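Have a look at the structure below before the remarks.
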Amino acid sequence: RGKGPSRDRAGRQLVWVHRLSIELFRVDERLIHGQVVIGWGHQVRPDRYVVVDDELASSEWEQDLYRLGAGTADILFVDTAGAVSRIAEWCDDEPRTILLTRDVTTMCRLGDSGALRDQSVNLGGIHHGPGRREVLTYLHLTEAEMDDLRALEAGGAKVTARDLPDAREAPLSQLVGR
């Protein structure tokens, strides 16, 4: 980049297809932890994590705890409104990015802005809680969350569940039915 057009071995100019630098949109209650940093991190090799969480965005001491587990990658902590206003910028940035939300509601709020159209959203660890039923061993959802995910997909996002990169991907239709 920046040194003129790239060429293949035969000297033909290569045409680069623009890739989004947000390589993974993931819902995971634990945010930055082993499965994300080691499992997904080894595949994606992120330069940056963007954590979208309204409460965490204003808690510096909690942010410091998450930074301890992220290795050398930068971490941005932003609230949902800030993420909506900056997501196009992050898509055009150089750093390879994993964007994380703690819950389905926050990811759906990003989707409501149109920011997730034609993007893949990965459902990771969402654990048992009031009103939730087990969909997969690592994924428990309420009826309202299932409805929100259907709406997210209807808005143009591809929603799947996969705890680790080498695990089998489960499409939303398999998870919640239609």
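The values are calculated or read from the model by the stated rules, or taken from the named source; none is laboratory data. All figures in this text were calculated on a predicted structure; none of them were measured in a lab. Here Cβ is always computed from backbone atoms with ideal geometry, including for glycine, and neighbour counts include all displayed protein chains. Note: areas computed on protein heavy atoms with side chains; ligands, DNA, RNA excluded. Shrake-Rupley method; radii C 1.70, N 1.55, O 1.52, S 1.80 Å.
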- Query: Which whole-number percentage describes the relative contact order of the range 50-89, with Cα contacts under 8 Å and a sequence gap of 6 or more?
  - Reply: 56 percent
- Output the antiparallel fraction of DSSP beta bridges having both residues in the chain, as a percent to the nearest 5. 20 percent
- Note on the structure: With the range 98-144 reduced to its Cα atoms and the Debye formula applied, log10 I(q)/I(0) at q = 0.25, 0.26, 0.32 1/Å amounts to -0.98, -1.03, -1.22
- Near Glu145, within a Cβ-to-Cβ distance under 11 Å, what is the net charge of the other residues, with Lys and Arg +1 and Asp and Glu -1? -1
- Task: With a cut-off of 11 Å, note down the residues of the range 146-178 whose backbone N falls inside the zone around a label point 7 Å from the Cα of Arg133 toward its beta carbon.
- Result: 176-177
- Query: Expressed in whole Å with the largest first, what are the equivalent ellipsoid semi-axes of the range 62-154 derived from the C-alpha gyration tensor as the square root of 5 times each eigenvalue?
  - Reply: 24, 19, 11
- Query: Between Trp61 and Gln43, what length in nm is gained on full extension when 0.36 nm per residue of separation is reduced by their alpha carbon distance?
  - Reply: 3.6 nm
- Item | Accessible area per residue in Å² at 1.4 Å probe, computed on the range 47-178 | 50 Å²
- Message: With unit charges on the beta carbons (Lys and Arg positive, Asp and Glu negative) and the dipole taken about the Cα centre of the chain, which residue among His127, Thr72, Pro95 sits farthest to the positive side?
- Response: Pro95
- Task: Scan the chain and note any complete DSSP helix (H) whose C-alpha atoms cover at least 18 Å along its axis and whose Kyte-Doolittle average is -1.0 or more.
- Result: 80-92
- What fraction of the DSSP beta bridges in the range 91-178 is antiparallel, stated in percent and rounded to the nearest 5? 50 percent
- When only C-alpha pairs under 8 Å and at least 6 residues apart count, what is the relative contact order of the chain, in percent? 25 percent
- Message: Give me the tail of P(r) for the range 100-178 as a percent: Cα-Cα pairs with distance above 21 Å.
- Response: 19 percent
- Task: Per residue, how big is the convex hull around the C-alpha atoms of the chain? Give it to me in cubic angstrom, could you?
- Result: 147 Å³
- Message: List the residues, sorted by chain then number, that are 5 or more residues from Leu76 or on another chain and whose placed amide H is less than 5 Å from its amide H.
- Response: Tyr49, Val50, Val51
- Task: Note down the magnitude of the dipole of the chain about its Cα centre, charges +1 on Lys and Arg C-beta and -1 on Asp and Glu C-beta and zero elsewhere, to the nearest 20 debye.
- Result: 1060 debye
